[in-house]
1. Please report, as a whole percent, how much of the solvent-accessible surface of segment 136-280 comes from carbon and sulfur atoms (probe radius 1.4 Å).
2. Excluding residues on the same chain fewer than 8 positions from Lys49, give the aspartates and glutamates whose Cα lies under 12 Å from its Cα.
3. Got the relative contact order for segment 179-222 handy, in percent, Cα pairs under 8 Å and 6 or more residues apart?
4. Treat each spin label as a single point 7 Å out from the Cα along the C-beta direction, and report the Gln197 to Ser95 distance in nm.
5. Stretched out fully, how many nm does the piece from Ala127 to Ser309 gain, at 0.36 nm a residue minus the Cα gap?
6. If I take every Cα pair under 8 Å that is 6 or more residues apart in the chain, average their sequence separation and divide by the length, what percent do I get for the relative contact order?
7. Just need the relative contact order of segment 1-145 here, percent rounded to a whole number, with Cα pairs under 8 Å and 6+ apart.
8. Given the C-alpha atoms of the chain, compute the convex hull and give its volume per residue in Å³.
Amino acid sequence: MAEQKSLRLADLAGLLKLPYEGDGNLVLTGMAALDTASSSQLSFLANAKYRSQLAETAAAAAIIHPDMVSHANDMRPEMAVIVSANPYLAYAEASALFDPLEKPRAGIHPSAVVMSENVHASASIGANCVIEEGATIGENVVISAGTIVGRGSSVGKYSYLHANVTVYHGVSIGESCVVHSGVVIGGDGFGFAPSEQGWVKIHQLGGVRIGDRVEVGANSCIDRGALNDTVIGDGVIMDDFTMIAHNVEVGAGTAMAACCQVAGSAVIGKNCTLAGNIGVVGHIRIADGVHLTARSLVTKSISEAGSYSSGGSPLMPSAQWRKNTARLSKLDDLYRRVQAMEKELRTLHEERD
């Protein structure tokens with residue numbers, strides 16, 4: 001079990017560059033939600049609708065908005081506070097300071113197979129890893145157990161590849177990236193040409209280029225390009241089970257929740273958000289700043305920023321859902337009838353005039 005980390009309140013606030021109220025020598029042993037925190041843990045309040053939990057929490061300290069300070073003092077005068085205009089962001093930054101995951105020490109495990117001379121001395125190569133010829137492993141990179149980095153691929157400095165990641169040949173991963181277990185980067189795109197004898201494979205001659213500060217969730221796949229590279233921009237984050245097909249481009253800062261699927265040659269703009277289980281068809285373009293709600297299917301290009309939806313209807317009793325579905329099939333007939341009635345009414349008005 002990883003050793004529990006602890007920090008003094010004053011030290012933590014200093015690292016976060018935030019003011020605090022309370023005993024600076026208070027030792028905090030970790031983080032937890034308001035309703036589960038112990039008397040030695042730090043919590044946070046990011047949404048004012050949960051302010052009532054301040055009265056009941058056992059947390060030793062909490063990160064709160066300036067507007068909540070007086071309320072917190074009234075509810076729990078003994079609780080220390082760290083004050084932030086953006087408590088959720090401060091919580092994210094604090095979580096890194098309490099993370100029990102320790103970086104493995106530099107070196108190559110005896111069971112690893114390293115065929116490349118381009119492995120930085122500060123890198124950590126875990127048990128049963130394979131680093132193929134011509135691969136480049138940068139400064140302070142961690143390659144965890146069972147991971148393969150293919151021929152001619154590169155991993156930028158400070159990146160962390162968790163256990164059992166497969167990086168094919170000709171893949172470039174930028175700096176400070178995190179790739180979780182089970183990810184496959186650079187597998188063949190789904191390219192086949194029909195013939196009288198059956199499907200003829202189109203060999204995928206491109207690669208994959210991943211920018212800096214990208215995080216790829218567990219069991220996701222990013223296919224290599226057919227001719228040009230598949231490109232993932234800086235700061236992109238992908239949740240588990242994301243599928244990126246060949247020649248897709250994802251703009252910088254875009255976030256994709258679990259189970260999103262993007263078909264070949266689609267281009268997604270910068271700073272977009274894709275909620276869970278979004279489908280994007282191939283060869284379309286999505287503008288910068290687009291938000292797609294859960295389970296939507298994008299079948300045509302989107303040229304303007306904004307929120308778009310096409311997902312399944314909200315949850316309702318099954319009987320109501322069946323009625324609504326049956327009525328939906330009659331929508332076109334209803335539309336035509338209304339059109340005919342409107343035309344008839346216009347004719348009547350014209351005759352009277």
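The values are calculated or read from the model by the stated rules, or taken from the named source; none is laboratory data. In this text, all values refer to a predicted model and were calculated from it rather than measured experimentally. Backbone-built Cβ (ideal geometry, glycine too); neighbour counts: all protein chains shown. SASA here: full protein model, heavy atoms, side chains in, ligands and nucleic acids out. Shrake-Rupley method; radii C 1.70, N 1.55, O 1.52, S 1.80 Å.
1. Working: 3120 of 5720 Å².
Answer for segment 136-280: carbon and sulfur cover 54 percent of the accessible area.
2. none
3. Numbers: 50 pairs, mean separation 26.7, N = 44.
Taking the mean separation of contacting Cα pairs over the length of segment 179-222, I get 61 percent.
4. 5.4 nm
5. Values: separation 182, 0.36 × 182 = 65.52 nm, distance 4.55 nm.
That pair, Ala127 and Ser309, stretches by 61.0 nm at full extension.
6. Details: 928 pairs, mean separation 22.1, N = 353.
Relative contact order of the chain: 6 percent.
7. Numbers: 282 pairs, mean separation 25.3, N = 145.
Once normalised by length, the contact order is 17 percent.
8. Details: hull volume 88.4 nm³, N = 353.
Enclosed volume per residue, from the Cα hull, is 250 Å³.
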